[in-house]
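The values are calculated or read from the model by the stated rules, or taken from the named source; none is laboratory data. Model, not experiment: these values are computed from the prediction. Because the Cβ atoms are built from the backbone with ideal geometry, glycine has one as well, and the counts that use them run over all protein chains shown. All accessible areas refer to the heavy atoms of the entire protein, side chains included, with ligands and DNA or RNA removed. Shrake-Rupley method; radii C 1.70, N 1.55, O 1.52, S 1.80 Å.
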Amino acid sequence: MQVATLQEHETFRRKESDSLVWGIISLPGIVVQADVPVEYGYYLDFNGPWQFAQTDGVVSAYPPPIQPNTPAPDISKLTFYTLEGHVWQDDKAVRERLQGSLSAALR
């Protein structure tokens, strides 16, 4: 049974730097940001271990711990921004690496 839902807006950044001529000439860094709304859900597993205790005619139930669901980002509202960059490098590869790391970052 789902017991709670949390709506958040998450921001992720990735910064990369590069160089030319075997590292002798440093290029300015590229900073890419991703913004996405995310829903975090929490549930109670009724099949988990329950404990019951009776004291003075009152029965107390102790449920299993509340567990998190997998975060659910709203991909339709995912936006990327280049915060820092330059004309000598394409930020597309940095965006792709940032996008590839989002699932692990949300967990």
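Just one of the listed residues (35, 91) is within 15 Å of the chain's Cα centre (by Cα) and in contact (Cβ under 8 Å) with a residue 40 or more places away in the chain, and it is 35.
In the stretch 68-88, of all residues being under 19 Å from the mean Cα position of the chain (by Cα) and open to solvent by 70 Å² or more (accessible area, probe 1.4 Å), the one that is farthest from residue 9 (Cα to Cα) corresponds to 68. The set of residues from the stretch 1-27 being in contact with a strand residue (DSSP E or B) (Cβ under 7 Å, 6 or more places away or on another chain), of a type outside the set (Lys, Arg) and in contact (Cβ under 8 Å) with a residue 40 or more places away in the chain comprises 1, 2, 3, 4, 10, 12, 16, 27. Listed here are the strands (runs of 3 or more DSSP E) enclosed by the chain that have at least 1 residues being among the small types (Gly, Ala, Ser): 2-16, 30-43, 51-55, 58-62. Please verify whether the stretch 55-66 includes one or more residues that are surrounded by 10 or more Cβ atoms within 10 Å (Cβ to Cβ), without any contact (Cβ under 8 Å) to a residue 60 or more places away in the chain, touching a Phe, Trp or Tyr at 6+ places or on another chain (Cβ under 8 Å) and not aromatic (Phe, Trp, Tyr). Yes, that holds for at least one residue.
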